[in-house]
Amino acid sequence: DTAVSQTPKYLVTQMGNDKSIKCEQNLGHDTMYWYKQDSKKFLKIMFSYNNKELIINETVPNRFSPKSPDKAHLNLHINSLELGDSAVYFCASSQDRTGETQYFGPGTRLLVL
Amino acid sequence: AQKITQTQPGMFVQEKEAVTLDCTYDTSDPSYGLFWYKQPSSGEMIFLIYQGSYDQQNATEGRYSLNFQKARKSANLVISASQLGDSAMYFCAMREGWTNFGNEKLTFGTGTRLTIIP
């Protein structure tokens, strides 16, 4: 049973396209996150949601729009994709806003051509 | 200033030896948590171990232990009896302001690539 799942695992697309990445967790957690890992393996927070409410929005271009239809899902929509958006995007979840441990999904490898 | 510093970009260790991966952190918050994650070549992020700033004892999880030296602001990961499957990237991370909502994010170091030699 996968705890935090993401789809798709790989995404190759052209510059200018719009794409979405989906994330689901079956851990009953209240808080979910999106992180970006760049080509140098550096991981940085993008967004965090708690019970469908946005609580963290780091300095991310507004082409990136997270959506949380319920607390088990946090999707990431990216408009007008750029070459620099190529990265691995990780979804994570924790029990609540004070949850000690964040559990990560398998990652989505996005390549923009 | 870097919040999390991992000074070893790469390490090579003989199988069965113990290995210490260094991590130092910078925070003025009295309440924080420190984490280690493993990222094998397959790409997933695997949680290994956690240490809270108020924990009196060093955390241990199987072959993993965290050498927490609060005064020195270091949180080194020790892997005992290394195995070939330990070859991976290892990331140290910190969450500050444990009781402050809005600080739920993890700040990561740049990682250490560990290679276990047979």
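The values are calculated or read from the model by the stated rules, or taken from the named source; none is laboratory data. Quantities reported herein were computed from a predicted structural model and do not represent experimental measurements. Glycine also receives a Cβ, built like all others from the backbone with ideal geometry; neighbour counts cover every protein chain displayed. Heads up: the accessible areas ignore ligands, DNA and RNA and are worked out on the full protein's heavy atoms, side chains in. Shrake-Rupley method; radii C 1.70, N 1.55, O 1.52, S 1.80 Å.
Within region A:56-66, the set of residues being within 11 Å of chain B (Cβ to nearest Cβ) and of a type in the set (S, T, N, Q) comprises just one member, A:Asn57.
This table checks each residue for (1) over 27 Å from A:Pro106 (Cβ atoms); (2) not hydrophobic (A, V, I, L, M, F, W, C).
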site: B:Gln2; (1), (2): yes, yes
site: B:Pro9; (1), (2): no, yes
site: B:Glu15; (1), (2): yes, yes
site: B:Ala18; (1), (2): yes, no
site: B:Ser28; (1), (2): yes, yes
site: B:Leu34; (1), (2): no, no
site: B:Ser42; (1), (2): no, yes
site: B:Ile46; (1), (2): no, no
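Please determine whether any residue of region B:64-85 is in contact with a helix residue (DSSP H, G or I) (Cβ under 8 Å, 6 or more places away or on another chain) and within 14 Å of chain A (Cβ to nearest Cβ). No, that holds for no residue.
Residues of region A:1-53 that are over 16 Å from A:Val88 (Cα atoms), modelled with pLDDT under 95 and in contact with a strand residue (DSSP E or B) (Cβ under 7 Å, 6 or more places away or on another chain): A:Ala3, A:Leu27, A:His29, A:Asp30, A:Thr31, A:Met32, A:Ser48, A:Tyr49, A:Asn50, A:Lys52.
What are the residues in region B:31-45 that are open to solvent by 40 Å² or more (accessible area, probe 1.4 Å) and in contact (Cβ under 8 Å) with a residue 40 or more places away in the chain, if any?
B:Ser41
Between B:Gln8, B:Gln14, B:Gln69, the distinction of being over 26 Å from A:Tyr33 (Cβ atoms), open to solvent by less than 40 Å² (accessible area, probe 1.4 Å) and of a type outside the set (Asp, Glu) belongs to B:Gln8 only.
The set of residues from region A:42-55 being surrounded by fewer than 18 Cβ atoms within 10 Å (Cβ to Cβ) and within 14 Å of chain B (Cβ to nearest Cβ) comprises A:Phe42, A:Lys44, A:Asn51, A:Glu53, A:Leu54, A:Ile55. Remark: pairs (first residue in region B:50-61, within 14 Å of chain A (Cβ to nearest Cβ) and among the acidic types (Asp, Glu); second residue open to solvent by less than 70 Å² (accessible area, probe 1.4 Å) and assigned to a strand (DSSP E or B); Cβ separation under 9 Å; 6+ apart in sequence or on different chains) = B:Asp55/B:Phe68; B:Glu61/B:Leu48; B:Glu61/B:Ile49; B:Glu61/B:Tyr50. Taken over region B:46-57, the criterion of being open to solvent by 60 Å² or more (accessible area, probe 1.4 Å) and over 20 Å from B:Gln8 (Cβ atoms) is satisfied by B:Tyr54, B:Asp55, B:Gln56, B:Gln57.
In the set A:Arg109, A:Arg97, only one residue is within 8 Å of chain B (Cβ to nearest Cβ) and at pLDDT 95 or above; that residue is A:Arg109.
The strands (runs of 3 or more DSSP E) found wholly in region A:13-112 and carrying at least 1 residues that are of a type in the set (A, V, I, L, M, F, W, C), under 18 Å from B:Glu44 (Cα atoms) and touching a helix residue (DSSP H, G or I) at 6+ places or on another chain (Cβ under 9 Å) occupy A:108-112. Residue check: is B:Ser87 within 21 Å of B:Gln6 (Cα to Cα), loosely packed, with under 15 Cβ neighbours inside 10 Å, more than 14 Å from the chain's Cα centre (by Cα) and of a type in the set (Ser, Thr, Tyr)? No: the conditions fail for B:Ser87. When you check B:Ser28 against the structure, is it open to solvent by 60 Å² or more (accessible area, probe 1.4 Å) and under 30 Å from A:Leu54 (Cα atoms), yes or no? Yes, satisfied.
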